[in-house]
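Here's the structure we're looking at; comments come further down.
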Amino acid sequence: LGVAACGSDDDGGGGGSGDAVKVAMVLPGPINDEGFNQSGYEGLKECEAAGAEITYQEKTPVPDFVKAFETLAQSNQLVIGHGFEFGEIAHEVAGDYPDTDFAVTSNPLEPEDDNTQHIMPNSTQGAYLAGVAAGKTTKSNKLGGIAGFDFPVLEAQMAAFEAGAKSVNPKASLKTVYLGTFDDVAKGKEAARSQAASGIDVIYHIADAAGVGVIDGAQEEGIKAVGWGVDQSDLAPDTVIASQIVDQAKMIGESCQSLIDGEFEGGTLVVDGLRSGIIDLTEVKNAPDGTQEAVDEAREAILDGSADVPSIGGGIPGSGEGSG
């Protein structure tokens, strides 16, 4: 993951006042990865815009997770762990810092502590839409999935992607690869090239910085790709057919605002999906006629509950809106 770097925004943070709410974030990857970590950092910037004083630690190695939480908990009212893997870390630390609140993103489990909140995008809904776009686009009926790790939230999205593809193309199949990294761009690129060599012609990634390599590899091989997290069409305008939007920034900003307003609720699992605007799919391009219409129909089916979207572990509904 590289060397951990701790810092605040270039202008010294947002509030500047001694009375400002102080919010810190621990990120496993770089804040400029064009994906998950960048979206988390943008959420932290929303906290700053709301009046909080912010600090962050990026590219944090796994062995340093606990130490990072403990250090930041001593001087901040809210510490955010950006990623599923911080759920256990927050639980380990929260009891020792009862006056500090903690938030963990992308963890579908109910938090175990009264001062911890899990904020979870219902990302399977967006993955299903991405699958619809891919299922309509593929010519070989062979789809590829490349993810960083086999976390339950990623496995669920892969299952939803496949279900969406099969809903419009029953012949479609999905081959999934887990890289064991979110940061190795070269490994993501090589995985994409390997999938292309096997006849796969559309690849869906959930791989953060490594996903940039996936899109690059797909572009070199002349096949299509689906971006994740933010609109990644600019990375390869003729290759990306759509991007699954997972607006972590909005969720984090709303959590911060609740803290500033004195309404932060620990011990809760917050779930948001399509209806909230947290989850979506960008406009389809580089795809056959009728693809956008199929995606739009699937979106309506998700919203009215008639789509069969696989759920994320921990009891979060796949086709409903949860508490979002």
Quick one: which of VAL66, VAL23 is assigned to a helix (DSSP H, G or I), modelled with pLDDT of 95 or more and open to solvent by less than 50 Å² (accessible area, probe 1.4 Å)? VAL66
Residue under evaluation GLY199, criteria (1) part of a helix (DSSP H, G or I); (2) open to solvent by 10 Å² or more (accessible area, probe 1.4 Å); (3) over 23 Å from THR282 (Cα atoms), criterion not met: (1)
Determine if region 94-103 includes at least one residue that is under 27 Å from ASP272 (Cβ atoms) and within 20 Å of the chain's Cα centre (by Cα). yes
Checked against (1) closer than 25 Å to PRO108 by Cβ; (2) open to solvent by less than 60 Å² (accessible area, probe 1.4 Å); (3) touching a residue at least 40 places away in the same chain (Cβ under 8 Å), ILE31 satisfies every condition except (3)
State yes or no: is SER140 part of a helix (DSSP H, G or I), of a type in the set (Ser, Thr, Tyr), at pLDDT 95 or above and over 30 Å from LYS22 (Cα atoms)? no
Determine if region 77-97 includes at least one residue that is open to solvent by 10 Å² or more (accessible area, probe 1.4 Å), touching a residue at least 60 places away in the same chain (Cβ under 8 Å), part of a loop (DSSP other than H, G, I, E, B) and closer than 13 Å to VAL23 by Cα. yes
Would you mind finding the one in ASP216, ASP231 that is among the charged types (D, E, K, R) and more than 18 Å from ASP280 (Cβ to Cβ)? ASP216
Which of (1) in a strand (DSSP E or B); (2) crowded, with 24+ Cβ neighbours inside 10 Å does GLN157 not meet, given it meets every other one? (1)
Any residue at all in region 122-131 that's assigned to a loop (DSSP other than H, G, I, E, B) and closer than 20 Å to GLY211 by Cβ? yes
Filtered residue count, region 137-152, keeping only those that are open to solvent by 10 Å² or more (accessible area, probe 1.4 Å) and under 13 Å from the mean Cα position of the chain (by Cα): 3
Look through THR60, THR100, THR71 and report the one residue that is at pLDDT 95 or above, under 19 Å from ALA209 (Cβ atoms) and hydroxyl-bearing (Ser, Thr, Tyr). THR60
What are the pairs, 6+ residues apart or on separate chains, where a residue within region 39-51 that is within 13 Å of LEU259 (Cα to Cα) and open to solvent by less than 30 Å² (accessible area, probe 1.4 Å) has its Cβ under 7 Å from a residue that is assigned to a loop (DSSP other than H, G, I, E, B) and not hydrophobic (A, V, I, L, M, F, W, C)? GLU48/ASP9; GLU48/GLY13; GLU48/GLY14
Run down TYR178, TYR204 and say which single residue is open to solvent by 60 Å² or more (accessible area, probe 1.4 Å) and in contact with a strand residue (DSSP E or B) (Cβ under 7 Å, 6 or more places away or on another chain). TYR178
Among the residues of region 181-196, how many are farther than 19 Å from GLU162 by Cβ and open to solvent by less than 40 Å² (accessible area, probe 1.4 Å)? 3
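The values are calculated or read from the model by the stated rules, or taken from the named source; none is laboratory data. Everything numeric here is computed off the predicted structure, so don't read it as measured data. All Cβ positions, glycine included, derive from the backbone under ideal geometry; neighbour counts span all protein chains shown. These accessible areas exclude ligands, DNA and RNA; they are computed on the full protein's heavy atoms, side chains included. Shrake-Rupley method; radii C 1.70, N 1.55, O 1.52, S 1.80 Å.
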